[in-house]
1. Go through (1) closer than 26 Å to residue 45 by Cα; (2) open to solvent by 60 Å² or more (accessible area, probe 1.4 Å) for residue 74 and report which single condition fails.
2. Report whether or not residue 173 is in contact with a Cys (Cβ under 9 Å, 6 or more places away or on another chain) and surrounded by 15 or more Cβ atoms within 10 Å (Cβ to Cβ).
3. Could you grab the pairs with beta carbons closer than 7 Å, sequence gap of 6+ or different chains, first residue in segment 107-129 and open to solvent by 30 Å² or more (accessible area, probe 1.4 Å), second one β-branched (Val, Ile, Thr) and in a helix (DSSP H, G or I)?
4. Answer yes or no as to whether residue 43 is free of Cβ contacts under 8 Å to residues at least 12 places away in the same chain, out of contact with any Ser or Thr (no Cβ under 8 Å at 6 or more places or on another chain) and closer than 30 Å to residue 10 by Cα.
5. Just checking, which of 34, 18, 47 is outside any helix (DSSP H, G or I) and aliphatic (A, V, I, L, M)?
6. Please give the number of the condition residue 11 fails out of (1) touching a Phe, Trp or Tyr at 6+ places or on another chain (Cβ under 8 Å); (2) over 26 Å from residue 159 (Cβ atoms).
7. Which residue out of 145, 167 is open to solvent by 60 Å² or more (accessible area, probe 1.4 Å), assigned to a helix (DSSP H, G or I) and more than 21 Å from residue 21 (Cβ to Cβ)?
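The values are calculated or read from the model by the stated rules, or taken from the named source; none is laboratory data. Predicted model only: the values in this text are computed from it and were never measured. Neighbour counts are summed over all protein chains in view; Cβ atoms, including those assigned to glycine, are modelled from backbone coordinates with ideal geometry. Side chains are part of the model used for accessible areas, which takes the heavy atoms of the whole protein and leaves out ligands, DNA and RNA. Shrake-Rupley method; radii C 1.70, N 1.55, O 1.52, S 1.80 Å.
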Amino acid sequence: MIKASEDLKFKLINLGLILMFALPLFPTNVKPYIIVFVGVSVLIGNIGTSFYFDIKKFLINSSIYLLMVLSLVYSQNMEYGLGKLETMASLVIFPLIFALFPRRYLEDVSKNFYKYITVYFFAVVLFNLVSFFYHSLHYGKTIFIHYPTVNRIAQGPYNIHPIYLSIHICVALLFSFFILRRLKSNYKRAAIIVLDILLIIFLFILLKKGPVIVLAFVSLIFALFQRNKKVLYLALLVIILNVVAILSIPEYRSKFAELIKIEHVDSGGTTSSNIRYTIYSIAIKKMIESPIIGYGIRRQQRCSFRRV
């Protein structure tokens, strides 16, 4: 009876983790319930055992959120501050869940590591394929132009900003390295590689510079740590092919060309790179002015960038 009870507890936790890794497939209004399910399954897993809470892990992982809570003491707009903390609650909820995670299940969860990342990989692939082909019925060949926009505004509860979708794709591609290393069948490896190529195509269709650059950098670092010349040469080949693609396609070339000349928006125009550079430069200036306590959570000031 005890063993059956323990098996049920782990099955609940395992199901919760599988659903969490499949989050890209769920609409926005369902995702919070999945996170709640994971939290409840972790609490159930602690029933019948001595209470365990990794306070050190919790404080480290939630430190940014806890500092924001502390800043409410001197924030100018308490209502706005509380609203921001509510929207960023995941920064404390996930550290809390994993700080409560039963230690006796850690080994079993580790054994399922490849199952979880495989679920995530196929969830990202499926989301992109369904979204792309669904909207292609309406936009036809122009879907290659409209794909970033329709993901952001035309999918209801499945709306996702292109940069976040690009990040999902990059993480899925990184996970695929581990999946490929685990697989024994050449046919399965070939299938994963084909899906990787599809994800790279989607990444270029979304046309977000940051995720592409970070993916190339992380892939190179990963290849170096493998200490395998074949893996390193393959990573370099993929990076070179991507660079050639960027230089060959005018839209991509002009997008990445923004990185060559980054200026303040007042002098360089309102490109995405210039806007980010301006925001970061202003943020750094304000951080230097108040490096210890900052400014608290306050309402964002609206500003319009204009060309001088």
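1. Among (1) closer than 26 Å to residue 45 by Cα; (2) open to solvent by 60 Å² or more (accessible area, probe 1.4 Å), the lone unmet condition for residue 74 is (1).
2. Answer is no for this residue.
3. Final answer for the pair search is 114/179; 118/179; 119/18.
4. On the way: free of Cβ contacts under 8 Å to residues at least 12 places away in the same chain: no; out of contact with any Ser or Thr (no Cβ under 8 Å at 6 or more places or on another chain): yes; closer than 30 Å to residue 10 by Cα: yes.
Against the criterion (free of Cβ contacts under 8 Å to residues at least 12 places away in the same chain, out of contact with any Ser or Thr (no Cβ under 8 Å at 6 or more places or on another chain) and closer than 30 Å to residue 10 by Cα), residue 43 does not qualify.
5. Numbers: 34 fails: outside any helix (DSSP H, G or I); 18 fails: outside any helix (DSSP H, G or I).
From the options 34, 18, 47, the qualifying one is 47.
6. The one condition residue 11 does not meet is (1).
7. Values: 167 fails: more than 21 Å from residue 21 (Cβ to Cβ).
Residue meeting the stated conditions: 145.
One line per residue, one yes/no per condition, for (1) among the aliphatic types (A, V, I, L, M); (2) at pLDDT 90 or above; (3) open to solvent by 20 Å² or more (accessible area, probe 1.4 Å); (4) at negative phi:
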| residue | (1), (2), (3), (4) |
| --- | --- |
| 9 | no, no, yes, yes |
| 22 | yes, yes, no, yes |
| 26 | no, yes, yes, yes |
| 29 | no, yes, yes, yes |
| 41 | no, yes, no, yes |
| 53 | no, no, yes, yes |
| 62 | no, yes, no, yes |
| 69 | yes, no, yes, yes |
